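Data first, discussion second: the structure below is written as C-alpha cells.
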Amino acid sequence: MKISFKKIPASGVNFETSLEQIKFYGKLEKKSKNLVRCIGKLEGTLLCQCARCGDEMTLDVNEEIDLFASEGMYQSGEELIDVVEFFEETVDLDTILLSEVETMKSDYNYCFTCKEN
C-alpha cells in the first residue's frame, strides 16, 4: 500500500495492510513538508525458524511501531533514530511491514523445546 506524501494531512490518515498472517495498521501524520510520522501496530502470527534447532515455529506478534518516513534523504538539525527514506514521493507501507517482519525473523527466536533446555 502506497500513500502519497502530498495526501497526508497534519491531522493524519489511517492505514491498514497485511503480509501473510501479519496485519499492520495505524496512522500517518505529517510533521513537515518531507517528514511523516508512522504510529502503528503489528499483530498476528509469523512462521520462522528456531535459532537453536532450526525447526519451524510460530511466533505470536504484537508489536508497537513508531517511526518516521522521509520523502528523499532525511536532512534536518533534529536527530531521529528510526527514519525510513522513500524516493518515489510515496510512503510504501508494505516496505515498512516487510522490513519489520524480516527483522523479527532474523532475531534469536527459540521454540518451546529449546527454551526449556
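The values are calculated or read from the model by the stated rules, or taken from the named source; none is laboratory data. A quick note: this is a predicted structure, and the numbers were derived from the prediction, not measured. So basically every Cβ, Gly included, is an ideal-geometry build from the backbone, and we count neighbours across all protein chains shown. In case anyone asks, the SASA skips ligands and DNA or RNA and just uses the protein heavy atoms, side chains included. Shrake-Rupley method; radii C 1.70, N 1.55, O 1.52, S 1.80 Å.
Rounded to the nearest 500 deg cm²/dmol, what is the calculated helix-only ellipticity per residue at 222 nm for the chain, with -39500 (n - 2.57) per DSSP H run of length n ≥ 4?
Values: 2 runs with 19 residues, N = 117.
The helix-only estimate for the chain comes to -4500 deg cm²/dmol at 222 nm.
Read through the labelled values (1) 55, 32, 25; (2) 52, 28, 21; (3) 43, 31, 23 and report the label of the one computed as Cα extents along the principal axes in Å from the structure.
Correct label is (2).
Name the shape class, rounded, prolate or oblate, that the alpha-carbon gyration tensor gives for segment 50-117, where a ≥ b ≥ c are the square roots of its eigenvalues, rounded holds for a/c under 1.5, and otherwise prolate holds if a/b is larger than b/c and oblate otherwise.
prolate
Cross-link list Lys2/Lys31; Lys6/Lys105; Lys33/Lys105; Lys2/Lys41: which exceed 28 angstrom alpha carbon to alpha carbon?
On the way: Lys2/Lys31 18 Å; Lys6/Lys105 33 Å; Lys33/Lys105 34 Å; Lys2/Lys41 17 Å.
Among Lys2/Lys31; Lys6/Lys105; Lys33/Lys105; Lys2/Lys41, the Cα-Cα distance tops 28 Å for Lys6/Lys105; Lys33/Lys105.
How large is the dipole of segment 1-58 about the Cα centre if only Lys and Arg carry +1 and Asp and Glu carry -1, each at its Cβ, rounded to the nearest 20 debye?
My answer is approximately 660 debye.
In segment 1-63, which trypsin sites (Lys or Arg not before Pro) fall in coil by DSSP and have 13 or fewer other Cβ atoms within 10 Å? Let's see the in-between values first.
Details: sites: Lys2, Lys6, Lys7, Lys23, Lys27, Lys30, Lys31, Lys33, Arg37, Lys41, Arg52; in loops: Lys33, Arg52.
Answer by residue number: Lys33.
Along the charge dipole of the chain, which of Asn34, Leu98, Tyr108 sits closest to the positive end, that is, farthest toward it, with unit charges on the beta carbon of Lys, Arg, Asp and Glu (+1, +1, -1, -1)?
Final value for the positive-end residue is Asn34.
Could you check the spin-label model distance between Met1 and Asp82? Points 7 Å from the Cα along Cα→Cβ, value in nm.
About 1.7 nm, to one decimal.
Using a 1.4 Å probe on the protein heavy atoms, what percent of the accessible area of the chain belongs to carbon and sulfur?
45
Considering the chain as a Gaussian network with a 10 Å cut-off on Cα pairs, which listed residue, Phe87, Phe24, Phe68, attains the greatest mean-square fluctuation?
Phe87
What are the ³J(HN,Hα) couplings of segment 91-101, residue after residue, when phi is run through the Karplus curve with 6.51, -1.76, 1.60 and θ = phi - 60°? Round to Hz, x for glycine and proline.
Once θ is set to phi - 60°, the couplings for segment 91-101 become 8, 9, 5, 5, 5, 4, 4, 4, 4, 5, 5 Hz.
Can you give the accessible area per residue of the chain, in Å², using a 1.4 Å probe?
Normalised by residue count, the accessible surface of the chain is 65 Å².
Taking the Cα centre of the chain as origin and charging only Cβ (+1 Lys, Arg; -1 Asp, Glu), how large is the dipole, in debye to the nearest 20?
My answer is approximately 440 debye.
With only Lys, Arg, Asp and Glu charged, each at its Cβ (+1 for the first two, -1 for the last two), find how big the charge dipole of segment 45-96 is about the Cα centre; round to the nearest 20 debye. Write out the running numbers ahead of the final one.
Working: 1 positive and 15 negative charges, 63 e Å.
That gives segment 45-96 a dipole magnitude of about 300 debye.
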